[in-house]
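Structure first, commentary second.
The values are calculated or read from the model by the stated rules, or taken from the named source; none is laboratory data. Since this is a predicted model, take the numbers as computed values, not measurements. Methodologically, a virtual Cβ is constructed for each residue, glycine included, from the backbone with ideal geometry; neighbour enumeration extends over all protein chains shown.
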Amino acid sequence: MAIVAYYALNPTWETLVALETWPESPDRVFCDRLPAPDRPQLQQLLTELQPGDRLWLRQLHDLGDRLDALLPVLKHCQQQSVQVQIVGLDEPLPLDSAAGLDLLPLWAEVQRSQQRDRLKAGHARNRLQALPPPGPAPFGYRRGKDRYAIDRAAAALVRDGVAHFLIYGSLRGAARYVSQKHQRAIAVMTVRRWLSHPAYRGDLVYGSGAIVADTHPALVSREEAAQIDRILRRNRRLPPKTASAPRCLAGLVQCQTCQAHLIVGSTKPHRSDREYLYLRSPAACQQSPRCSAIAYDMCLQTVIQTICQELPIAVSALGQPEQNPAKSAIASRQAELQQILSVELPDLEARGILDAETAAIRRLQLQTELVQLRDRQAQLSPVNLPELVQAVAIPQFWQDLSEVERRFFFREFIREIQLQRRSRREWSLQLQLVFSPPQQL
């Protein structure tokens with residue numbers, strides 16, 4: 001007894017079926033690429049079937065789009081005593097009644113499956129033509145004839161939320177700002193979607209994961225998108241609710257003794273208007289007595305002195321941006337893909353090696369990979385990093401910044417600050433910069 005599998009594949013929106021899809025390992029797999037009116041692989045399968053073989057199908061209408069095409073195949077399997085098994089069903093098809101009315105309910109399910117496939121094929125054709133996916137347009141846009149157009153009234157909310165986030169780096173703060181300014185309830189997840197969804201960057205994204213770049217006007221520029229991705233990735237390292245904290249050291253300092261992130265506290269001495277800031281261990285500190293607090297201003301000055309000394313050394317160890325192997329690899333791959341898109345693919349299509357539909361599918365795949373490479377390249381260190389470090393490695397630069405501005409730059413350069421205690425009053429700080437690998441202390 002041989003085990004064979006057959007399926008009909010529409011290359012516009014389907015990919016080859018993996019062998020793991022079949023419940024039993026088939027001895028041979030037959031596949032027809034649609035549209036194929038004669039289905040040559042199916043005809044070959046029918047000639048090679050032997051009595052007692054088992055035929056696996058993904059779905060019944062892989063054997064034919066019409067009932068008059070499906071029933072002869074089932075009748076042939078019945079005459080050859082071939083078991084027809086559909087993936088997901090426990091029992092083989094009742095072929096004894098293949099020509100009767102018992103298959104009518106099953107054929108109704110086949111028609112529903114065909115309707116779903118027709119919808120998927122229509123969406124795939126729109127995807128190859130870079131048309132917007134079905135459904136309402138994203139907030140801030142409206143549907144045009146063949147692409148999204150900017151809705152000016154709604155786009156103002158998106159631009160305000162993006163601008164606020166780029167300055168302060170806080171999702172909650174951006175949502176609160178937009179809600180207060182425009183008198184509309186805006187959720188934090190809505191702002192996150194504005195910041196990260198490809199549609200707001202001028203790209204179309206489809207359910208299959210394919211991305212087509214520069215299809216409509218963008219509300220978030222490429223430079224802003226790269227900065228947003230860095231800020232979101234940076235904030236993921238921080239404890240909850242510290243991204244919008246008013247103090248620049250909030251969430252950065254970790255006590256090496258109790259492994260807890262220190263909390264910024266404040267108090268006012270009796271009959272004094274001056275506020276005293278300090279860093280203390282949280283209530284979860286396991287030490288007894290609890291780790292002592294340290295003065296915030298003293299810790300801040302130590303951090304400024306340390307970063308001015310260590311940042312130039314760490315950046316110089318990276319080498320010149322032109323020598324960065326990651327950037328070189330991305331640039332090389334981008335040039336290769338551009339060569340395929342602009343030269344090789346049109347040549348293959350003109351020579352008749354690739355038909356128009358296959359070329360369009362391959363073009364979409366290459367464009368998706370180019371978008372992914374561009375996003376990876378934008379998230380790498382900027383080209384002017386050495387010049388930037390020369391400017392920020394001056395103590396007076398940090399002294400002149402506000403707490404919000406210091407918070408932004410600290411989190412751009414510092415991954416974590418380790419507080420090492422020698423006694424209750426003596427301590428030192430060790431900075432882990434984003435350019436350096438994490439250290440095990």
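The table below lists the values:
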{"quantity": "All positions within segment 190-228 that are touching a Pro at 6+ places or on another chain (Cβ under 8 Å) and among the small types (G, A, S)", "calculated": "A199, G202, G207"}
{"quantity": "Failed condition for L204, given (1) modelled with pLDDT under 85; (2) over 30 Å from I414 (Cβ atoms)", "calculated": "(1)"}
{"quantity": "Number of the condition not met by V29 [criteria: (1) surrounded by 12 or more Cβ atoms within 10 Å (Cβ to Cβ); (2) more than 29 Å from A210 (Cα to Cα); (3) free of Cβ contacts under 8 Å to residues at least 40 places away in the same chain]", "calculated": "(2)"}
{"quantity": "1 or more residues modelled with pLDDT under 80 and closer than 23 Å to A226 by Cβ: qualifying helices (runs of 4 or more DSSP H) within segment 353-441", "calculated": "356-378, 385-392"}
{"quantity": "Residue in segment 299-318 that is in a loop (DSSP other than H, G, I, E, B) and surrounded by 12 or more Cβ atoms within 10 Å (Cβ to Cβ) present", "calculated": "no"}
{"quantity": "Residue list for segment 205-215, restricted to those being under 14 Å from R363 (Cβ atoms) and touching a helix residue (DSSP H, G or I) at 6+ places or on another chain (Cβ under 8 Å)", "calculated": "A210, I211, V212, A213"}
{"quantity": "Pick from segment 76-114, criterion exposed (fewer than 13 other Cβ atoms within 10 Å of the Cβ) and hydroxyl-bearing (S, T, Y), ranking: modelled with the highest pLDDT", "calculated": "S81"}
{"quantity": "Unmet criterion (only one of (1) closer than 30 Å to L364 by Cβ; (2) buried (at least 18 other Cβ atoms within 10 Å of the Cβ); (3) modelled with pLDDT of 85 or more; (4) of a type in the set (A, V, I, L, M, F, W, C)) for W13", "calculated": "(3)"}
{"quantity": "Residue in segment 309-323 that is touching a helix residue (DSSP H, G or I) at 6+ places or on another chain (Cβ under 7 Å) and of a type in the set (D, E, K, R) present", "calculated": "no"}
{"quantity": "Count - residues of segment 397-435 that are basic (K, R) and over 19 Å from L232 (Cβ atoms)", "calculated": "5"}
{"quantity": "Flag for L277 being touching a helix residue (DSSP H, G or I) at 6+ places or on another chain (Cβ under 8 Å), free of Cβ contacts under 8 Å to residues at least 40 places away in the same chain and outside the structural domain of E403 (by TED's automatic domain parsing)", "calculated": "no"}
{"quantity": "When residues of segment 39-70 are limited to those that are in contact with a helix residue (DSSP H, G or I) (Cβ under 8 Å, 6 or more places away or on another chain) and not in a loop (DSSP other than H, G, I, E, B), the one surrounded by the fewest Cβ atoms within 10 Å (Cβ to Cβ)", "calculated": "L67"}
{"quantity": "Flag for L232 being within 15 Å of the chain's Cα centre (by Cα) and either surrounded by fewer than 19 Cβ atoms within 10 Å (Cβ to Cβ) or part of a helix (DSSP H, G or I) (or both)", "calculated": "yes"}
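To keep it simple, each residue is scored yes or no on (1) more than 17 Å from V404 (Cα to Cα); (2) at pLDDT 90 or above; (3) not assigned by TED's automatic domain parsing to the domain that holds G209.
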position	(1), (2), (3)
G135	yes, no, yes
D146	yes, no, no
D151	yes, yes, no
R159	yes, yes, no
H164	no, yes, no
I167	no, no, no
S170	no, no, no
G173	no, no, no
